[in-house]
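The values are calculated or read from the model by the stated rules, or taken from the named source; none is laboratory data. Owing to the predicted nature of the structure, the values given are computational and were not obtained by experimental measurement. Glycine also receives a Cβ, built like all others from the backbone with ideal geometry; neighbour counts cover every protein chain displayed. Side chains are part of the model used for accessible areas, which takes the heavy atoms of the whole protein and leaves out ligands, DNA and RNA. Shrake-Rupley method; radii C 1.70, N 1.55, O 1.52, S 1.80 Å.
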Amino acid sequence: MAASWPPAKIPSADNDTKPAVTAEPLGRHSDAVYAVAVGQVNGRPIAVTGGADATVRVWDLTTRKPLGQPMTGHTSTVGAIAVGQVNGRPIAVTGGADATVRVWDLTTRKPLGQPMTGHTSTVGAIAVGQVNGRPIAVTGGAGDAVRVWDLTTRKPLGQPMPRDPSNVFTVAVGQVNGRPIAVTGSWDATVRVWDLTTRKPLGQPMTGHTRPVYAVAVGQVNGRPIAVTGSWDATVRVWDLTTRKPLGQPMTGHTRPVEAVTIGQVNGRPIAVTGSLDTTVRVWDLSSYAK
């Protein structure tokens with residue numbers, strides 16, 4: 001199943017960034033790379049990558065060199081990565097085809113505690129956030145429950161959320177009316193919203209896609225909390241997370257599955273950026289959804 005997980009999300013657009021483009025690759029794993037996240041360590045911009053070689057690697061984005069040796073511990077493909085902080089310490093959370101979730105100190109590049117276990121198959125979706133000021137990770141995978149983990153104790157936060165009837169391919173976290181929520185996309189073409197405080201679903205699944213949902217991003221447009229999803233039906237959809245209803249018509253243009261999406265701004269205008277198996281990257285104006 002690991003090869004079916006989409007790549008992790010690209011960073012949000014930033015008006016002030018002027019990235020250097022180089023023909024040389026940043027670096028290499030010894031096998032396919034399936035997950036990437038970006039963050040900072042001691043003010044230094046870094047990327048964290050994971051792949052089919054079961055390693056997690058940290059790269060200095062200024063020098064484009066690896067930081068230290070590969071981080072090892074997973075016994076199979078690393079298919080999901082998220083970056084966050086615990087007590088001011090930069091950390092990475094990784095999920096693998098070995099059904100474990102691991103937390104890494106990005107300063108020392110060492111594991112924090114033991115692997116977090118409970119999933120029964122590939123962990124292919126991870127997002128980090130906060131619940132009541134507590135740093136948490138939300139994880140999902142192949143035919144398994146969606147789980148919430150306390151990243152300070154590295155223990156489950158309550159019971160798993162009700163078992164998703166399908167493989168969870170993607171997860172994002174955000175807030176609705178001050179309430180922390182997670183949004184998941186699944187093989188059954190549905191999008192679900194979860195209350196992270198109660199770990200219960202909010203309303204019924206959001207439907208409209210006709211094939212598996214492989215990408216989701218959460219953000220705001222004019223103060224309205226939204227999710228943007230990409231699917232194997234080649235469409236991009238926008239959802240109002242307060243009403244859990246679609247906003248407008250599906251956005252079309254991609255000709256093959258949409259496997260990556262992020263939300264950002266360009267000159268103050270909200271946009272979504274999507275990537276597809278059709279080899280294109282597209283930018284969508286979300287300002288019309290502010291009405």
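Against the definition (surrounded by 14 or more Cβ atoms within 10 Å (Cβ to Cβ), in a strand (DSSP E or B), at pLDDT 90 or above and out of contact with any Pro (no Cβ under 9 Å at 6 or more places or on another chain)), how does A215 come out, yes or no? It is false that A215 is surrounded by 14 or more Cβ atoms within 10 Å (Cβ to Cβ), in a strand (DSSP E or B), at pLDDT 90 or above and out of contact with any Pro (no Cβ under 9 Å at 6 or more places or on another chain).
The rows are residues; the columns are (1) touching a helix residue (DSSP H, G or I) at 6+ places or on another chain (Cβ under 9 Å); (2) within 16 Å of V123 (Cβ to Cβ).
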residue	(1), (2)
A37	no, yes
A52	yes, yes
V58	no, no
R64	no, no
H74	no, yes
Q85	no, no
T94	no, yes
A99	no, yes
R102	no, yes
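Residue count for region 74-115, restricted to those that are at pLDDT below 95 and touching a Lys or Arg at 6+ places or on another chain (Cβ under 6 Å): 1. Entry remark, region 107-163: residues being farther than 23 Å from A97 by Cβ, in a loop (DSSP other than H, G, I, E, B) and open to solvent by 30 Å² or more (accessible area, probe 1.4 Å) number 9 in total.
If the condition is being part of a loop (DSSP other than H, G, I, E, B), without any contact (Cβ under 8 Å) to a residue 40 or more places away in the chain and closer than 27 Å to G141 by Cα, then region 33-69 contributes D53, T55. Among the conditions (1) free of Cβ contacts under 8 Å to residues at least 40 places away in the same chain; (2) among the β-branched types (V, I, T); (3) within 26 Å of V138 (Cβ to Cβ), V261 misses just one, which is (1). Determine, yes or no, whether V183 is touching a residue at least 12 places away in the same chain (Cβ under 8 Å) and within 19 Å of P257 (Cα to Cα). When the stated conditions are applied, V183 does not pass them.
Restricting region 244-261 to residues that are β-branched (V, I, T) and open to solvent by 20 Å² or more (accessible area, probe 1.4 Å) leaves a set whose member that is nearest to A217 (Cα to Cα) is T252.
Taking the conditions exactly as written (surrounded by fewer than 20 Cβ atoms within 10 Å (Cβ to Cβ) and touching a Pro at 6+ places or on another chain (Cβ under 7 Å)), does G208 satisfy them or not? Criteria met by G208.
Select from region 83-104 the residues that are open to solvent by 10 Å² or more (accessible area, probe 1.4 Å) and part of a strand (DSSP E or B) and write down the one among them that is nearest to A37 (Cα to Cα).
V83
If the requirement is being open to solvent by less than 70 Å² (accessible area, probe 1.4 Å) and either β-branched (V, I, T) or more than 27 Å from I136 (Cα to Cα) (or both), which of these qualifies: L241, L202, L286? Going through L241, L202, L286 in turn, just one is open to solvent by less than 70 Å² (accessible area, probe 1.4 Å) and either β-branched (V, I, T) or more than 27 Å from I136 (Cα to Cα) (or both): L286.
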